[in-house]
Amino acid sequence: MRKSLYTPGQSQIAETVRNMRAGANLTQRQLASRLRRPLNVISRIEAAQRRVDLLEWIALCEACGVDPVKMGTKMLKALSQSR
């Protein structure tokens, strides 16, 4: 089994975070500031080089003005269809 960092699912999460941020008209720097995290954290998430846990997912969604449950459900459906 491959490590989850290098799976299509991880790429989907990274793309979703990028799209949420862009949809909120935020730069990576602005999102990092809202989350009080270093810029490289956002950069690594969006490059699929860093995993996102559930609490971090909620914070990312809220910082982008997105409902974490709705976005998570949408992403889970897309992931399950791609398997």
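One table, with the values for the structure above:
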{"read-out": "Rel. contact order, % - alpha carbon contacts under 8 angstrom, at least six apart, the chain", "value": "34"}
{"read-out": "Theoretical ellipticity at 222 nm over the chain - DSSP helices of four or more residues, -39500 (n - 2.57) apiece, nearest 500", "value": "-20500 deg cm²/dmol"}
{"read-out": "Residue exposure sequence - 16, 27 - by fewest surrounding Cβ within 10 Å", "value": "27, 16"}
{"read-out": "Environment charge at residue 77 (Cβ cut-off 12 Å; Lys +1, Arg +1, Asp -1, Glu -1)", "value": "+3"}
{"read-out": "Highest-fluctuation residue, 51, 34, 18 considered, GNM on the chain with Cα pairs under 10 Å", "value": "34"}
{"read-out": "Three-way shape label, the chain, alpha-carbon gyration tensor, a/c 1.5", "value": "oblate"}
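Read the figures in this text as sums done on the coordinates, not as results from a lab. These numbers come from a predicted model, not from an experiment. Backbone-built Cβ (ideal geometry, glycine too); neighbour counts: all protein chains shown.
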